[in-house]
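In what follows, a single structure is set out as structure tokens and then discussed.
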């Protein structure tokens, strides 16, 4: 039993003992740094709330490879960004510019929050006004008192 346990532990840690740090996809460290910086400015179109640098989606991997190929070919970051925006739209940018087509991306969440808050205040105001009952007249008060007195007489 001990030998089996030792063998399992040895197999479990064998992979980490042989592990190496991943080599950069581009041999030139300056080019790799430029690629990573650009990837951090672009949104993963599959994940949508991650940069392609953080994403492991297949499309993000393809975009990473394409960025590196275009950098090797001599394109600068602005040219690559313009190419990707032409292909996928402003949504590919993690921080899209404010213009007519991106107004919903920038101000939509705030408008939704304001609409929810306005609806909440409206609901609470109506609820408060409905809860505030008008005062009882003298006749109604006497009737309520008579009902209470009659219920006290019953055991």
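Any residue in the stretch 65-85 that is in contact with a helix residue (DSSP H, G or I) (Cβ under 6 Å, 6 or more places away or on another chain) and at pLDDT below 90?
The answer is no; no qualifying residue exists.
Are any of the residues in the stretch 26-38 modelled with pLDDT under 90, surrounded by 10 or more Cβ atoms within 10 Å (Cβ to Cβ) and part of a helix (DSSP H, G or I)?
Scanning the stretch 26-38, I find at least one residue that is modelled with pLDDT under 90, surrounded by 10 or more Cβ atoms within 10 Å (Cβ to Cβ) and part of a helix (DSSP H, G or I), so the answer is yes.
I'd like the full set of residues that are surrounded by 12 or more Cβ atoms within 10 Å (Cβ to Cβ) and under 24 Å from the mean Cα position of the chain (by Cα), limited to the stretch 74-89.
Residues satisfying the conditions are 81, 84, 85, 88, 89.
So is residue 142 out of contact with any strand residue (DSSP E or B) (no Cβ under 7 Å at 6 or more places or on another chain) and at pLDDT 90 or above or not?
yes
What is the one condition in (1) assigned by TED's automatic domain parsing to the domain that holds residue 59; (2) out of contact with any strand residue (DSSP E or B) (no Cβ under 7 Å at 6 or more places or on another chain); (3) free of Cβ contacts under 8 Å to residues at least 24 places away in the same chain that residue 85 does not satisfy?
Single failed check for residue 85: (2).
The rows are residues; the columns are (1) under 30 Å from residue 28 (Cβ atoms); (2) touching a strand residue (DSSP E or B) at 6+ places or on another chain (Cβ under 9 Å); (3) assigned by TED's automatic domain parsing to the domain that holds residue 28.
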| residue | (1), (2), (3) |
| --- | --- |
| 43 | yes, yes, yes |
| 46 | yes, no, yes |
| 50 | yes, yes, yes |
| 59 | yes, no, yes |
| 64 | yes, no, yes |
| 75 | yes, no, yes |
| 103 | no, no, no |
| 106 | no, no, no |
| 111 | no, no, no |
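The values are calculated or read from the model by the stated rules, or taken from the named source; none is laboratory data. Note that the structure is predicted; figures quoted are calculated from it, not measured. Reconstructed Cβ throughout: ideal geometry from the backbone, glycine too, with neighbour counts over all protein chains shown.
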